[in-house]
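Chemist: Sending over a structure as structure tokens; questions will come in a sec.
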Amino acid sequence: TKDHMVVFTPSGKRGHFATGTPILTAARKLGVDLDSVCGGRGICSKCQIQPSFGEFSKHGLTSSDTALSDWNSVEQRYKDKRGLINGRRLGCQATVQGDIVIDVPPESQVHRQVVRKAASARVMIMDPAVRTYYVEVAEPDMHTPTGDLERLGTALKEQWDIDGITAGMSVLRKLQPVLRKGKWTCTVTLHKGHQDTEHRILDIAPGYDETRLFGLAIDLGSTTIAAHLTDLRTGEVAASSGIMNPQIRFGEDLMSRVSYSMMNPGGDVEMTTSVRMALNALTNTLSAEAEIQPNQIMEAVFVCNPVMHHLLLGIDPVELGQAPFALATSKSLSLHAGDLELSCMNPAARIFILPCIAGHVGADAAAVALSEAPDQQDELTLIVDVGTNAELLLGNKTKVLACSSPTGPAFEGAQISSGQRAAPGAIERIEINTTTKEPRFQVIGSDIWSDEAGFDAAIATTGVTGICGSGIIEAVAEMRMAGLLDSKGLIGSPAQTGTARCILEGRTHSYVIYDGTADDGPMITVTQTDIRAIQLAKSALYAGARLLMDEMGTDTVERVVLAGAFGAHISPKHAMVLGMIPDVPLDKVTSAGNAAGTGARIALCSVAARAAIEVTVRKIIKVETAIEPKFQEHFVNANAIPHATDPFTILRS
Ligand code: FES
């Protein structure tokens with residue numbers, strides 16, 4: 001038979017194939033990324049391709065008629081039942097009949113790229129640990145006796161080139177009825193982590209099963225727990241939600257939780273139980289929101305600081321409370337959902353926990369490194385992940401340093417009088433007029449400013465419930481710029497500031513942002529105690545950054561990335577005014593949202609990323625803040641607002 005030139009776009013891969021070669025086969029031979037779940041049986045439609053002749057028409061080929069086969073019965077049946085858009089064909093059914101250019105649409109790529117909304121706008125490649133495969137299994141034969149599992153293994157090897165499978169009891173128990181019900185066809189859900197040599201069968205269903213599979217990317221913070229329910233085929237987030245970490249009642253910050261465990265026998269168990277219960281509740285919320293069954297959740301990836309890490313695992317964190325801050329393990333962990341009593345997902349679901357960097361620098365810092373890739377930057381970049389325990393990374397292609405800093409929960413809206421987590425109704429943006437001292441604000445869930453017409457209607461469903469982390473940062477910085485606050489952080493009296501919004505509460509003043517009238521809600525104020533909590537938090541953050549700079553032997557950084565678990569992005573201008581970060585030109589400060597959460601999502605969607613971060617983490621040099629006397633010195637010096645320079649120079653730049 002005649003050979004034809006076949007070109008795939010966008011990869012540009014090309015080769016010669018005989019008349020009658022299925023397009024899927026040609027794609028596989030050339031290493032073109034064309035998806036298939038059913039293995040070319042015309043069932044799954046994942047292999048859709050778009051014939052296009054652009055490149056060849058230049059060379060005189062004008063007709064498509066001869067280049068591809070006519071619709072065969074399988075393809076026709078699929079088309080009649082489900083439809084195929086825009087002249088698309090099933091790659092496994094259409095065969096080569098002439099020279100042809102074939103476009104592989106993004107949805108048909110196995111390793112489809114997902115554009116991330118991060119500041120760096122990099123793409124992530126889908127390469128999940130959990131995938132489904134459709135197989136046809138040989139029927140048993142008395143003369144060559146083999147078990148059903150062994151014949152399934154042979155089928156996976158022959159049809160998918162998958163070597164080595166293992167199955168637990170729950171799969172073995174259903175294997176025989178499933179195979180018989182599916183008339184010797186089945187869809188298997190396989191898991192293979194980056195360190196596994198074999199594929200583990202997580203589930204098996206008769207025939208071709210189209211149930212979508214999901215994974216959870218969880219950022220388990222000391223104050224808030226944020227989770228994204230993610231479609232494991234597409235990488236799309238189906239639902240996101242956050243809750244407060246119920247361990248707060250055992251202590252606001254990490255060290256108070258470690259002491260709770262030290263002082264109370266069984267305290268660690270109490271904290272482990274409470275966080276696991278919260279995770280189950282959060283999982284249920286997400287499933288309900290996305291309208292999926294808990295059984296569809298097949299994997300969860302966790303990022304967390306070392307104390308949260310140990311408490312999640314049920315390990316007493318006592319060693320993390322004292323030098324030399326030894327971790328039970330710093331390696332990444334691959335576990336079963338049952339190991340962590342996570343009961344609101346598939347019982348066979350897998351858990352992956354990113355590696356920790358050191359005793360005070362956890363898997364959350366590793367996740368930030370995965371998301372923001374400081375080790376790939378040319379510019380000396382400071383990445384600040386703001387939370388109750390802040391993670392800081394400083395570095396570039398040459399080297400990366402990391403530390404954590406105990407900022408306390410103020411930046412997450414906790415320990416703040418009107419504070420709350422980022423949720424609808426929380427004030428997230430504030431401006432204070434420098435002349436009138438009047439504020440205007442926006443709440444989460446509305447993009448209308450409070451002084452605009454329609455604000456009352458805009459907050460009709462959410463109300464104004466409090467102020468979130470990014471809101472309090474803006475509030476304090478705006479108060480400083482409007483002269484309501486001096487550099488020591490003291491709120492002035494009505495006489496000093498010229499506004500009746502500064503009210504006397506006890507012996508100090510508070511600034512009223514919102515009196516509660518528009519929605520009959522609570523009065524939202526910033527009190528002197530709030531300012532002190534923010535000052536402590538920002539001093540700890542700044543001191544951490546300075547310590548890394550000392551260690552790096554530099555007193556300037558070239559770029560700053562601000563990240564935080566709380567919903568809204570931190571405003572670079574306000575962070576600078578407050579003195580949270582070292583001075584850099586304002587256009588060199590970017591906001592990355594929840595970088596640790598993004599890192600968790602990347603790890604959930606990509607086994608290769610898991611392997612890569614394992615290597616990166618071992619190269620990161622860890623700096624210990626707790627035992628470094630200089631940290632205290634920097635901390636004290638950082639108390640003023642801003643730490644050193646006049647805030648108005650920042651505004652003029
Ligand atoms: Fe499943 Fe083509 S590979 S329909």
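Read-outs throughout are calculated quantities, based only on the coordinates presented, and are distinct from any laboratory measurement. Everything numeric in this text was worked out from a predicted model, so none of it was measured. For neighbour counting, all protein chains shown are included, and Cβ atoms are generated from backbone atoms with ideal geometry for every residue, glycine included.
Chemist: When the Debye formula is applied to the Cα atoms of region 448-548, each taken as the same point scatterer, what base-10 log of I(q)/I(0) results at q = 0.18 Å⁻¹?
Modeler: -0.93
Chemist: Sticking with this structure for a sec: ³J(HN,Hα) across region 434-442 via Karplus (A = 6.51, B = -1.76, C = 1.60, θ = phi - 60°), whole Hz, x for Gly/Pro?
Modeler: Per-residue couplings from phi come out as 6, 8, 7, 6, 8, x, 10, 8, 10 Hz.
Chemist: Where a Cα-Cα gap under 19 Å defines reach, which lysines qualify for K397, not counting those fewer than 8 residues away within the same chain?
Modeler: Within reach: K588, K619, K622.
Chemist: With a cut-off of at most 15 other beta carbons within 10 Å, and DSSP calling the residue loop, which trypsin sites (Lys or Arg not before Pro) in region 190-257 qualify? Please list them. Provide the component values of the computation, followed by the final result.
Modeler: Values: sites: K192, R200, R212, R233, R249, R257; in loops: K192, R212, R233.
Answer in residue order: R212.
Chemist: With a cut-off of 8 Å between alpha carbons and a minimum separation of six or more residues, what is the relative contact order of region 270-395 in percent? Walk me through the numbers on the way to the answer.
Modeler: Numbers: 195 pairs, mean separation 30.7, N = 126.
Here the relative contact order equals 24 percent.
Chemist: Okay, moving on. Which loop trypsin sites (Lys or Arg not before Pro) in region 339-437, with loop taken from DSSP, have no more than 15 other Cβ atoms within 10 angstrom of their Cβ?
Modeler: Values: sites: R350, K397, K399, R421, R429, K437; in loops: K397, K399, R421, K437.
The qualifying sites are K397, K399.
Chemist: If I fit a long axis through the Cα atoms of helix 595-605 and take the longest principal axis of the Cα atoms of the chain, what angle between them do I get, 0 to 90°, rounded to 10?
Modeler: Computed tilt is about 10 degrees.
Chemist: Now for a separate question. I'd like the per residue volume of the convex hull spanned by the Cα atoms of region 3-108, given in cubic angstrom. Could you put the intermediate results ahead of the total?
Modeler: Numbers: hull volume 9.7 nm³, N = 106.
Per residue, the Cα convex hull of region 3-108 comes to 91 Å³.
Chemist: Relative to the first principal axis of the alpha-carbon coordinates of the chain, what is the inclination of helix 254-263, with its axis defined by its Cα atoms, in degrees from 0 to 90 and to the nearest 10?
Modeler: Approximately 90 degrees, to the nearest 10.
Chemist: Could you work out the relative contact order of region 181-294, using alpha carbon pairs under 8 angstrom and six or more residues apart, expressed as a whole percent?
Modeler: On the way: 154 pairs, mean separation 18.9, N = 114.
Relative CO of region 181-294 lands at 17 percent.
Chemist: Let me ask you something else. Find how much the distance from S170 to D456 grows on full extension, using 0.36 nm per residue of separation minus their present alpha carbon separation; answer in nm with one decimal. It would help to have the intermediate numbers written out before the result.
Modeler: Numbers: separation 286, 0.36 × 286 = 102.96 nm, distance 5.53 nm.
Gain on stretching S170 to D456: 97.4 nm.
Chemist: What's the local net charge at R180, with K and R +1, D and E -1, over the other residues with C-beta under 10 Å away? Show your work: numbers first, answer last.
Modeler: Numbers: positive: K181, K183; negative: E139, D148.
Surrounding charge for R180 is 0.
Chemist: While we're looking at this one, here's another question. Looking at the P(r) of the chain, how many percent of alpha-carbon pairs lie beyond 49 Å? Please report the intermediate quantities before stating the final value.
Modeler: On the way: 51063 of 212878 pairs.
The proportion of pairs with Cα distances above 49 Å equals 24 percent.
Chemist: Quick one: Debye curve from the C-alpha atoms of region 113-206, no solvent, what's log10 I(q)/I(0) at q = 0.15 Å⁻¹?
Modeler: -0.62
Chemist: Over the chain, what is the mean sequence separation of C-alpha contacts under 8 Å (at least six apart), divided by residue count, expressed as relative contact order in percent?
Modeler: Values: 1473 pairs, mean separation 71.6, N = 653.
Worked out over the chain, it gives 11 percent.
Chemist: Ok, one more. So, in Å, what gap is there between the alpha-carbon centers of region 502-560 and region 320-337?
Modeler: 32 Å
Chemist: Quick check on the chain: helices-only [θ] at 222 nm, where DSSP H runs of length 4 and up contribute -39,500 (n - 2.57) each and the sum goes over total residues. Nearest 500, please. Each step should come with its number before you reach the end.
Modeler: Working: 18 runs with 192 residues, N = 653.
So the calculated ellipticity at 222 nm is -9000 deg cm²/dmol.
Chemist: Taking the Cβ of V589 as the center, what net charge do the other residues with Cβ under 14 Å away carry, scoring Lys and Arg +1 and Asp and Glu -1?
Modeler: Values: positive: R559, K573, K588; negative: E372, E379, E558, D583, D587.
Around V589, the surrounding residues sum to -2.
Chemist: What whole-number distance in Å separates the alpha-carbon centres of region 226-246 and region 342-370?
Modeler: When both Cα centres are located, 14 Å separates them.
Chemist: Take the Cα radius of gyration of region 411-505 and divide it by 2.2 N^0.38 Å, with N its residue count; two decimals is plenty. Walk me through the numbers on the way to the answer.
Modeler: Details: Rg = 13.6 Å, N = 95, 2.2 N^0.38 = 12.4 Å.
Region 411-505 yields a ratio of 1.10.
Chemist: Still on this structure: Using C-alpha positions alone, give me the convex hull volume of region 215-353 per residue in cubic angstrom. Intermediate results must be reported in sequence, preceding the final value.
Modeler: On the way: hull volume 12.9 nm³, N = 139.
Dividing the Cα hull volume of region 215-353 by its residues yields 93 Å³.
Chemist: On C-alpha positions alone, give me the angle between the axis of helix 607-619 and the longest principal axis of the chain, in degrees, nearest 10.
Modeler: Helix 607-619 and the main axis of the chain meet at about 40 degrees.
Chemist: Quick one: check the C-alpha center-to-center distance for region 436-486 versus region 380-435, whole angstrom.
Modeler: Computed from Cα coordinates, the inter-centre distance equals 18 Å.
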